[in-house]
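Single-structure report; data block below.
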Amino acid sequence: MIALLLRSSLIAVALAGTGCLDALGPELGPELEACAPEDSDPQRAISFRSDILDGLLTRTCAKCHTPEARNPIGISMGGLDLSRYATLRAGGNISGAGVVIDGDPCRSVLSQKLGEAPPFGARMPRGGPYLDLVEQQVIADWIAEGARDN
């Protein structure tokens, strides 16, 4: 029995040395870029009303996160109403006030949930199509600028 364990151990060490066991490791995928908390274009002020609410949230999030939606699952299950500034800032059941942290898009759940690796739950909008990097940056810049109601 000891000889069998010793032989198995030696084989495992030999295989590890040749890289044969690498295939058994988890598939991690490509490394994600680090979040940059700074405003990418300080010369351009982002407006909540025109750029965020009317420009992005109404088009991409309203079907689940507004009371007027046919199936407001984002409100009924997640508790997040994105129809107005005040309800957005109140956050959802999990995010709470952390949905937007003024000046810090990297720690703001709104920004995190739009990216490739949200800290909890599914990436939004659920099932896609997802916001492209430029659209995600508009939201990140608004948060970096202080997430004002303008």
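The values are calculated or read from the model by the stated rules, or taken from the named source; none is laboratory data. The shown structure was predicted, so the numbers you read here are calculated from the model rather than taken from an experiment. Positions of Cβ are backbone-derived with ideal geometry, glycine not excepted, and every protein chain shown enters the neighbour counts.
Contact map, the stretch 56-74: first residue closer than 16 Å to G121 by Cα, second residue surrounded by 15 or more Cβ atoms within 10 Å (Cβ to Cβ) and of a type in the set (D, E), Cβ cut-off under 7 Å, separation 6 or more or different chains; pairs are H65/D81.
If the condition is being within 15 Å of L114 (Cα to Cα) and in contact with a helix residue (DSSP H, G or I) (Cβ under 8 Å, 6 or more places away or on another chain), then the stretch 61-76 contributes C61, C64, H65, G74.
Return yes when G96 is in contact with a Lys or Arg (Cβ under 9 Å, 6 or more places away or on another chain) and more than 19 Å from I52 (Cβ to Cβ) and no when it is not.
Values: in contact with a Lys or Arg (Cβ under 9 Å, 6 or more places away or on another chain): no; more than 19 Å from I52 (Cβ to Cβ): yes.
Spelling it out, it is not the case that G96 is in contact with a Lys or Arg (Cβ under 9 Å, 6 or more places away or on another chain) and more than 19 Å from I52 (Cβ to Cβ).
In the stretch 23-82, the residue that is surrounded by the most Cβ atoms within 10 Å (Cβ to Cβ) out of those that are among the acidic types (D, E) and either assigned to a loop (DSSP other than H, G, I, E, B) or modelled with pLDDT under 95 (or both) is D39.
When the stretch 37-60 is limited to residues that are within 19 Å of the chain's Cα centre (by Cα) and of a type in the set (S, T, N, Q), the one that is farthest from R89 (Cα to Cα) turns out to be S40.
Restricting attention to the stretch 120-150, which residues are over 19 Å from E38 (Cβ atoms) and surrounded by fewer than 12 Cβ atoms within 10 Å (Cβ to Cβ)? I'd like the intermediate steps shown before the answer.
The initial filter retains those residues of the stretch 120-150 that are over 19 Å from E38 (Cβ atoms), namely 120-132, 149-150.
F120, A122, G127, G128, P129, D132 - these are the residues of the stretch 120-150 that are over 19 Å from E38 (Cβ atoms) and surrounded by fewer than 12 Cβ atoms within 10 Å (Cβ to Cβ).
Say we look at the stretch 130-150 and pick out the residues that are part of a loop (DSSP other than H, G, I, E, B) and touching a residue at least 24 places away in the same chain (Cβ under 8 Å); which of these is nearest to A62 (Cα to Cα)? Among those residues, the one meeting the criterion is L131. Scanning the stretch 83-102 for residues that are part of a loop (DSSP other than H, G, I, E, B) and either over 26 Å from G146 (Cβ atoms) or within 17 Å of the chain's Cα centre (by Cα) (or both) returns G91, G92, N93, I94, S95, V100, I101, D102.
Looking at this structure, is I101 in contact with a Phe, Trp or Tyr (Cβ under 6 Å, 6 or more places away or on another chain) and in contact (Cβ under 8 Å) with a residue 40 or more places away in the chain?
Working: in contact with a Phe, Trp or Tyr (Cβ under 6 Å, 6 or more places away or on another chain): no; in contact (Cβ under 8 Å) with a residue 40 or more places away in the chain: yes.
Answer is no for this residue.
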